[in-house]
Amino acid sequence: MNIAIVGAGKVGSVLGKVLSVNGEKIVAVVSRSNRSAAKTGKYVRCRNISTSLAAIPPRTNLVMITTPHRAVEEVAHKLAAVAHLDFKKLSVCHASGIQNADVLEPLAAKGATVFSFHPLQTFPRDFEPKDILPTVRGIYYGVDGNAAAMRKAKQLAAKLKGKTIYIKPEMRTFYHAACVVASNHVTTLLWILEQMFAALKTSEKKFYPVFEPIIMAALQNAARTSPAQSLSGPIARGGVETVSHHFEALQRFASNLVPYYGSMSAETTRLAEMKGSIDHEQARMMYNLIFSNMRI
Ligand SMILES: NC(=O)c1ccc[n+]([C@@H]2O[C@H](COP(=O)([O-])OP(=O)(O)OC[C@H]3O[C@@H](n4cnc5c(N)ncnc54)[C@H](OP(=O)(O)O)[C@@H]3O)[C@@H](O)[C@H]2O)c1
């Protein structure tokens, strides 16, 4: 494939690099600034770098739009106006998690095959592409588009050693919220742990090595069985008194974390009742405790 990348950021650089290493040709890197285009061009082994979409050569088969999601619509309109492109032979995708394929309608109207192609992975802004690269192997890409577009999306995912997952257009924002839970909320959870560990004032400097075994076991247990089966701890045993002591300690040492602890404890109670390790009455007592503490 001859592939053009529009938007020389983290996603464009990493996916472009994987495609280039796997034998695909990156024929253009276009970005808002020449500096980003040049940096990514070097990384993905492409000398044709530009700030203009007109630099995309006529022989291009696939354009990957990896700009921020707000710019996708504008890029689609501008790309549809590039006269030398053979739209009937062209596929165009974007990497936005929150937008469907229909944002590429101006290109579809010209005969291009269009699809969304959202890498279900985190590409942190402060990380170098080389440090993100190993994390994209085997990932899912959230996609939508017509049947022909889905065949192209599958081919592209295969070239990236990944898989596609079809997301119904009406579920797109909900899907994106789930991705935020999987990535950002897990990161925030670790930050909460970091704060709680700091308050303990132990002789250990870093929180992560101390908690890593329990974090990894919780992840692996849930992956091997299910969240319900692997739940342990005071809420799963109906330990209202223990949880009450937790709230007292949180009020004393990290009162800013009470709302977090309360809402997660409420969800944990729901899980414990669903799993059947506590009955309805025990769940009611736990909710009473949680909500009375959250009102403080
Ligand atoms: N970051 C993540 O974790 C992640 C995960 C999955 C999907 N995504 C999606 O992937 C897309 C790219 O994300 P990213 O994290 O790679 O963003 P990013 O690092 O901010 O990169 C976006 C790049 O697009 C360029 N750009 C902005 N407007 C442009 C325009 N009108 N024309 C051409 N280039 C333009 C920027 O230009 P200059 O640098 O040249 O100024 C920047 O290099 C977004 O849709 C995002 O939602 C992100």
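Some observations on this one:
- Förster radius 35 Å - calculated FRET efficiency between Ala217 and Arg47, Cβ distance, rounded to 0.05: 0.10
- Helix 207-224 axis, angle to the chain major axis (alpha carbon atoms, nearest 10°): 80
- Extreme residue, positive dipole direction of the chain, given options Ala37, Pro124, Pro234 (C-beta unit charges): Ala37
- Between Asn34 and Thr187, residue separation times 0.36 nm minus the direct Cα-Cα distance comes to 51.8 nm.
- For the options Ala199, Ala149, Ala54, a Gaussian network treatment of the chain with springs between C-alpha atoms closer than 10 Å singles out Ala199 as fluctuating the most.
- Region 176-294 shape via C-alpha gyration tensor axes, a/c threshold 1.5: oblate
- Positive-end residue, the chain charge dipole about Cα centroid, Cβ charges, pick of Met274, Ile165, Val18: Val18
- Against the chain, whose longest principal axis comes from its Cα atoms, helix 186-200 is set at around 40 degrees.
- Fraction of beta bridges assigned by DSSP in the chain that are antiparallel (%, nearest 5): 15
- Per-residue ellipticity at 222 nm computed for the chain from its helices equals -15500 deg cm²/dmol, with DSSP H segments shorter than 4 residues left out and the rest contributing -39,500 (n - 2.57).
- For the pair Ala147 and Lys78, the difference between a 0.36 nm per residue extended length and the Cα-Cα distance amounts to 22.3 nm.
- Under 12 Å, Cβ to Cβ, from Asp102 - net charge with Lys/Arg +1 and Asp/Glu -1: -3
- Burial ranking of peptide ranges 217-229, 95-107, 263-275, 245-257 (average Cβ count within 10 Å, highest at the top): 95-107, 263-275, 245-257, 217-229
- Tilt relative to the chain, helix 69-80 - C-alpha long axis, 0 to 90 degrees, to 10: 10
- Placing +1 on each Lys and Arg Cβ and -1 on each Asp and Glu Cβ, with no other charges, gives the chain a dipole about its Cα centre of roughly 1480 debye.
- Residue-by-residue Karplus 3J(HN,Hα) for region 276-284, coefficients 6.51, -1.76, 1.60, Hz, glycine and proline x: x, 7, 10, 8, 4, 5, 5, 5, 4
- With the gyration tensor restricted to C-alpha atoms of region 2-167, the semi-axes of the equivalent ellipsoid amount to 21, 19, 14 Å, longest first.
Any read-out appearing in this document is the output of simple, stated calculations on the displayed coordinates, not a laboratory observation. Predicted model only: the values in this text are computed from it and were never measured. In this analysis, Cβ positions are derived from the backbone assuming ideal geometry, glycine residues included, and neighbour counts consider all displayed protein chains.
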